1. Could you list, in sequence order, the residues of the range 117-137 that are more than 27 Å from residue 25 (Cβ to Cβ) and in a helix (DSSP H, G or I)?
2. Against the condition within 22 Å of residue 162 (Cα to Cα), modelled with pLDDT of 95 or more and surrounded by 15 or more Cβ atoms within 10 Å (Cβ to Cβ), how does residue 253 come out, does it pass?
3. Would it be correct to say that residue 280 is modelled with pLDDT under 95, under 20 Å from residue 63 (Cα atoms) and either over 21 Å from the mean Cα position of the chain (by Cα) or assigned to a loop (DSSP other than H, G, I, E, B) (or both)?
4. Would you check if residue 161 is closer than 27 Å to residue 60 by Cβ, at pLDDT 95 or above and within 17 Å of the chain's Cα centre (by Cα)?
5. Out of everything in the range 59-100 that is part of a helix (DSSP H, G or I) and under 14 Å from the mean Cα position of the chain (by Cα), what residue ends up being surrounded by the most Cβ atoms within 10 Å (Cβ to Cβ)?
6. Of everything in the range 228-261, what is in contact with a strand residue (DSSP E or B) (Cβ under 7 Å, 6 or more places away or on another chain) and more than 20 Å from residue 158 (Cβ to Cβ)? Give them in sequence order.
7. Within the range 2-34, take every residue that is touching a helix residue (DSSP H, G or I) at 6+ places or on another chain (Cβ under 7 Å) and at pLDDT 85 or above and give me the one that is surrounded by the fewest Cβ atoms within 10 Å (Cβ to Cβ).
């Protein structure tokens with residue numbers, strides 16, 4: 001390991017607002033709202049407040065998959081939450097998710113509106129509400145939920161660990177990059193060994209375990225995460241790549257990946273979604289054409 005300046009922690013930690021790297025303007029050691037602002041509410045049963053990060057994409061994919069199955073009660077409005085601008089700290093958003101993280105969901109189809117936050121909880125809530133993408137047989141259900149919670153526990157090492165130090169930290173640091181790269185490759189190996197045995201994480205059927213895992217690890221092996229595909233030698237994980245290709249080909253997944261997206265190819269951005277027809281009429285390239 002190359003020489004690096006050693007850090008000696010102070011006796012009592014204090015917040016240095018300048019040390020947060022790319023997200024220094026929104027990271028803070030306290031919770032709660034920073035400003036008063038109500039959230040918009042559209043006409044559909046579900047109101048999604050999100051951004052097309054991997055966690056946000058899980059829920060938009062799930063809703064599009066439910067609609068593709070014919071569950072018209074899963075219609076939704078997707079409102080853009082710009083986390084770099086601090087939208088997640090509004091009083092309205094904190095009322096839906098006290099943790100101030102996207103995605104957050106309100107279900108207005110119940111006698112009293114139901115809030116659901118944390119992406120894994122939202123997937124399970126929707127799966128149980130509509131009876132889809134979650135097995136009912138005890139052993140199959142346990143397998144599916146085990147992989148769902150595996151993803152919830154593992155992805156922070158990929159995003160907040162490897163992703164932060166490799167792509168977002170103020171400067172490159174060998175030790176944390178090596179430490180988290182090792183862990184991410186171990187996780188990819190876990191997935192690759194599982195997917196050598198079965199087509200989907202839960203077994204023979206596509207479930208919320210796949211919907212949760214694909215935006216993170218599928219995006220990673222497909223080269224969409226942190227520009228790290230070569231660094232992590234993702235070509236080695238052939239079963240993960242095959243699984244990612246299969247899921248990415250699903251029409252509902254293609255639509256879900258577009259929702260609340262503000263980066264990349266404009267033709268694949270649907271910044272807000274309020275009707276199914278928005279995919280045809282309001283993708284960002286068409287909006288730019290209208291404004292020209």
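The values are calculated or read from the model by the stated rules, or taken from the named source; none is laboratory data. Keep in mind that what you see is a predicted model, and the values were worked out from it rather than measured. Positions of Cβ are backbone-derived with ideal geometry, glycine not excepted, and every protein chain shown enters the neighbour counts.
1. First, pick out the residues of the range 117-137 that are more than 27 Å from residue 25 (Cβ to Cβ): 120-121, 123-137.
120, 121, 123, 124, 125, 126, 127, 128, 129, 130 - these are the residues of the range 117-137 that are more than 27 Å from residue 25 (Cβ to Cβ) and in a helix (DSSP H, G or I).
2. Working: within 22 Å of residue 162 (Cα to Cα): no; modelled with pLDDT of 95 or more: yes; surrounded by 15 or more Cβ atoms within 10 Å (Cβ to Cβ): yes.
So residue 253 fails the test.
3. On the way: modelled with pLDDT under 95: yes; under 20 Å from residue 63 (Cα atoms): yes; either over 21 Å from the mean Cα position of the chain (by Cα) or assigned to a loop (DSSP other than H, G, I, E, B) (or both): yes.
Yes; evaluated as a whole, the condition is true for this residue.
4. Considered against the rule, which asks whether it is closer than 27 Å to residue 60 by Cβ, at pLDDT 95 or above and within 17 Å of the chain's Cα centre (by Cα), residue 161 comes out as yes.
5. 59
6. Of everything in the range 228-261, those that are in contact with a strand residue (DSSP E or B) (Cβ under 7 Å, 6 or more places away or on another chain) and more than 20 Å from residue 158 (Cβ to Cβ) turn out to be 258, 259, 260.
7. From the range 2-34, those touching a helix residue (DSSP H, G or I) at 6+ places or on another chain (Cβ under 7 Å) are 2, 4, 21-24, 26, 32-34; that's our starting set.
When the remaining residues are screened for being at pLDDT 85 or above, the result is 32-34.
Numbers: 32: 10, 33: 17, 34: 15.
In this case the residue turns out to be 32.
Conditions (1) in contact (Cβ under 8 Å) with a residue 40 or more places away in the chain; (2) surrounded by fewer than 18 Cβ atoms within 10 Å (Cβ to Cβ), marked per residue:
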position: 243; (1), (2): yes, no
position: 246; (1), (2): yes, yes
position: 259; (1), (2): yes, no
position: 264; (1), (2): no, yes
position: 267; (1), (2): no, yes
position: 271; (1), (2): yes, no
position: 274; (1), (2): yes, yes
position: 279; (1), (2): no, yes
